[in-house]
Amino acid sequence: MADRLFEEAVKAAGNAYCPYSGFHVGAALLTADGRIYTGCNVENASFSMTVCAERIAIFKAVSDGVKEFSAIAVAGSSDGNFSRSCTPCGACLQVMSEFCGSNFKIILADGEYLLSDFLPVSFGKENIK
Ligand SMILES: [Zn+2]
């Protein structure tokens, strides 16, 4: 499944809207019930409005009422070579931590990781009670 998910992420990167950076990113999110939601980065002339591929995939799923996820694959490249790892940014890790446990898998070009590998401690629901 990891290979298929990564392939879906590469495919999604083809839809990236990245006229400013030229860096195409795709994400493929696997839901707990086996569905795949994809996302790509969407840039904006007002740079801070840019949204990453991972968050778009997650928000697409959540907007469909899906909130349980198993894994996400992320592929990024500026030259069509997706063999170099593209790690999620801090904002995306924080969004993942909202919906996913520490055992959530993050699949990159060089292998599989856990959310806890990148974000061992996070701000969450328990912090605002
Ligand atoms: Zn991000």
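The values are calculated or read from the model by the stated rules, or taken from the named source; none is laboratory data. Fair warning: this is a prediction, and the values are worked out from it, not measured in the lab. Glycine also receives a Cβ, built like all others from the backbone with ideal geometry; neighbour counts cover every protein chain displayed. Side chains included, ligands, DNA and RNA excluded: accessible areas come from the protein's heavy atoms. Shrake-Rupley method; radii C 1.70, N 1.55, O 1.52, S 1.80 Å.
Just a few scattered comments:
- The tail of the calculated P(r) for segment 2-128, taken as Cα-Cα distances beyond 27 Å, holds 12 percent of the pairs.
- 3J(HN,Hα) along segment 113-129, derived from phi through the Karplus expression 6.51 cos²θ - 1.76 cosθ + 1.60 where θ = phi - 60°, amounts to 10, 10, 3, 5, 5, 8, 9, x, 9, 9, 7, x, 3, 5, 7, 10, 7 Hz, with x in place of Gly and Pro.
- Solvent exposure ordering (accessible area, 1.4 Å, most first) of 47, 69: 47, 69
- FRET efficiency for residue 102 and residue 35, using Cβ-Cβ distance with R0 set to 25 Å, rounded to 0.05: 0.65
- In order along segment 98-103, the phi-based Karplus estimate (6.51 cos²θ - 1.76 cosθ + 1.60, θ = phi - 60°) of 3J(HN,Hα) comes to 5, 10, 10, x, 5, 8 Hz; Gly and Pro are listed as x.
- Accessible heavy-atom area order of 84, 55, highest first, probe of 1.4 Å: 84, 55
- Among 31, 87, 50, the largest mean-square fluctuation in a Gaussian network model of the chain, built with springs joining Cα atoms closer than 10 Å, belongs to 50.
- Rounded to the nearest 10 degrees, the angle from helix 2-13 to the longest Cα principal axis of the chain is 50 degrees.
- Segment 1-51: trypsin sites (Lys or Arg not before Pro) in DSSP loop, at most 12 other beta carbons within 10 Å: 35
- Rough spin-label spacing in nm, given labels placed 7 Å along Cα→Cβ, for residue 87 and residue 1: 2.5 nm
- In the chain, a dipole from Cβ-located charges (positive for Lys and Arg, negative for Asp and Glu) runs towards its positive end, and of 120, 6, 83 it is 120 whose Cα lies farthest in that direction.
- Coupling constants for segment 35-50 follow from the phi torsions by the Karplus curve (6.51 cos²θ - 1.76 cosθ + 1.60, θ = phi - 60°), and in residue order they are 7, 10, 10, 10, x, 9, 6, 10, 8, 8, 4, 8, 3, 5, 7, 4 Hz; glycine and proline get x.
- 0 to 90° range, to nearest 10: angle between helix 53-63 axis and the chain longest Cα axis: 50 degrees
- Near residue 72, the amide H atoms lying under 5 Å from its own belong to 30, 105, 106, 107; only residues 5 or more places off or on other chains count, and H is placed 1.01 Å from N.
- In segment 1-32, chymotrypsin sites (Phe, Trp or Tyr not before Pro) in a DSSP loop with at most 11 other beta-carbon atoms within 10 Å: 20
- Rounded to the nearest 20 debye, the dipole size of the chain about its Cα centre is 240 debye, using +1 on the Cβ of Lys and Arg and -1 on the Cβ of Asp and Glu.
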